[in-house]
1. What are the residues whose amide H is under 5 Å from the amide H of ASN191, where those residues sit 5 or more places off or on another chain and H is modelled from the backbone?
2. Along each principal axis of its Cα atoms, how long is the range 66-119 end to end? Whole angstroms, biggest number first, please.
3. Can you work out ³J(HN,Hα) from phi for every residue in the range 33-39, in order, using Karplus 6.51 cos²θ - 1.76 cosθ + 1.60 and θ = phi - 60°, giving whole Hz and x for Gly and Pro?
4. Counting only other residues whose beta carbon sits under 15 Å from that of ASN148, what net charge do I get with K and R as +1, D and E as -1?
5. What full-extension length gain, to one decimal in nm, is calculated for THR250 and THR121 as 0.36 nm per residue of separation minus the Cα-Cα distance?
6. If we restrict to alpha carbons, what Rg and Dmax does the chain come to, in Å?
7. Distance between Cα centroids, the range 61-102 to the range 126-183: provide it in whole Å.
8. What residues qualify as long-range amide H neighbours of VAL11, i.e. H under 5 Å apart, gap of 5 or more or another chain, H built at 1.01 Å from N?
Amino acid sequence: MGFYLVTNAQVGVGLSSPNSYAQLDITSTNKGFLLPRVALVATNNSAPLTSHVAGMTVYNTATNTSVAANPVYPGEYYNDGTQWQRNSALNDVRMIAGGTIADLLSSIPVDISAGSTVNTTLTTFSFTLDRPSSVEFGGNISMSFTANGDSNVPVGDSSVKLVTVNFIFTSAPSGIAVNTPFGDSTMTYMNATTANITTITGNLYTSPHAVLQLPAGSYVVNLNGSASGATAFRVNYGSGIRDLAQIKATPTK
C-alpha cells in the first residue's frame, strides 16, 4: 500500500490524490482501518490517557465492572471530553421479548363494576441485563367492549369507558421503582345507541411504549390493563389476532 504526503498537508494512504476535504484519505480494496486497542478502566476514567480528549476513538479490549456505575466492555468507544461513550452496533441490540408475528394474548374477559377501577395482569416477562442498557418497551394490545357479564352483548348505555395499558416492574434492581406504571396508552370508548340499536366498533388497540435507561440486573415486568367507567361493562383484552409486545435492549456501556 502506498503512502503519499502532498504539499497542502493532506495525507493519502493507498492513493496519490487525497480527497480535497479530507485531512486523511485511506483507500484499500482488501484491508481495513484498525483502531488503537487499549484497556479502559471505567467510562469516567480517562486512563490509559492522562485526560479526557473530545473526539478520541479507541477499541477497548477490557471488561471492567468494578466501578458499578461506569463499567466498560469490549467494543468501540469515543471520548466526549468528559467520559468514554460506547458506540453501539446493530448486533448489540438484543430482543428480550417479542419479535414474532404470533398473537400474544388469548381473550381475557374482565368485568368492571360501575365507578370502580380494575387492574389486570395480561402477561409477564422476566429478563436479565448483563450491563447498563437503553431498554425499549412497546406493544399493540387489542380490546373490545361488551355488556357486563357477557362477551357477545354490545354495551348500550352510551357511557364513557376508559382502559389504560402499561408496563409495571414487580421486581427490579435497587433504585428502580416497582409497582409504578410506565408507558401508558389509554383508550376512551363510548358506544352509540340509535333507535334501540347499539353499534359496536369491534377491536380497538392501544400502543404502550417507553424507553428506559436501566442498570444491569434481573427484572420482572407485567403488561397491565386498567379499566374503569361510570357504568358496568366488560372489557375483552386480547380480542383481536394481532396482539404484540416487544422489549429490546441496547447496551450503553
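1. Amide H to amide H, under 5 Å and 5 or more residues apart or across chains, ASN191 pairs with SER158, SER159.
2. Its Cα atoms span 58, 30, 21 Å along the three principal axes.
3. Those phi angles translate into 9, 9, 5, x, 9, 9, 9 Hz.
4. On the way: positive: LYS161, ARG234; negative: ASP111, ASP150, ASP157.
Neighbour charge sum, excluding ASN148 itself: -1.
5. Details: separation 129, 0.36 × 129 = 46.44 nm, distance 2.63 nm.
The span from THR250 to THR121 would gain 43.8 nm if fully extended.
6. In order Rg, Dmax, the Cα atoms of the chain give 27.1, 89 Å.
7. 28 Å
8. Distant-sequence amide H within range of VAL11: LEU24, ASP25.
Every number in this text was worked out from the coordinates using simple rules, so none of it is lab data. Note that the coordinates shown come from a computational prediction; the quantities given were computed from them, not determined experimentally. Reconstructed Cβ throughout: ideal geometry from the backbone, glycine too, with neighbour counts over all protein chains shown.
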